[in-house]
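The values are calculated or read from the model by the stated rules, or taken from the named source; none is laboratory data. What you are looking at is a predicted structure, and each value in this text was computed from that prediction instead of being measured. Ligands, DNA and RNA are stripped out before the accessible areas are found, and what is left, the full protein with its side chains, is counted by its heavy atoms. Shrake-Rupley method; radii C 1.70, N 1.55, O 1.52, S 1.80 Å.
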Amino acid sequence: MSSTQVHTNFYNGLAGIGWFICHLNEAEIADVDVEDFLDTSIDTLLYEDMIQLLNTNVYDFFYGATGICFYFLKGFITTQNPAIKETYRTYITHFLFYIEYRSITDTHGKHWKHSGYPFEKDHVNYQLSSVDNISGLMLVLTEIAKTNSFNTLCLPLA
Amino acid sequence: MLSYMITKDSHSQHILQKLEQHSNIGNVGLLNGLAGESLYYFYRSELLDEDASYDTAVLKLQQVM
């Protein structure tokens, strides 16, 4: 990657490409050596970026932390390597902890605010679309819950 | 049924032409570039049993890598 800025997001970056490679193997469409193509240094870079995005309330599926976690989930499901599987489990666990920690609970339930646009008066606001926030987050949390591997962590988010 | 197949085939050709026109070597992402195009051609080769689509998919995957 020659560019000075490495995109890590799902839309046009490493998370989306990583998901794509894992999906090709899972669907038995093509046999790609995932561990050779996406080594642990890339996963570490993605993890650090995911935490940084969570710190700044960027939960987007396309451009934020949720899309990166979606790649980790795909890796967790598809990898045959126990050590790498445990690493993905740790990354997903941290995502779930952080999502719970950053959530806002009121009489309407649990929700998350999104970094505001420059023209908004409030510095954070609610985004309901799949691209920006809530819907995309619900999708990934549902997919994580379906694995039955994170039940105790998913329960507080239900 | 025949008219449906012709329409479907024409539609597919139209999509392929558009992909050729808008293919952007600079973008490699899943939703804006080569990775997405590669996935499209892999599924096209699976569903329509097209060897040419498989070759295109592999070529685009190699470019992503």
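Quick notes on this structure:
- Computed from protein heavy atoms with a 1.4 Å probe, the total accessible area buried between B and A is close to 1400 Å².
- The spacing between the range A:11-35 and the range A:46-120, judged by their C-alpha centroids, is 20 Å.
- Remark: the A:HIS94-A:THR152 segment gains 19.6 nm on full extension, using 0.36 nm per residue and subtracting the alpha carbon distance.
- Additional length obtainable on full extension of the chain from A:ILE104 to A:THR142, 0.36 nm per residue less Cα span: 11.8 nm
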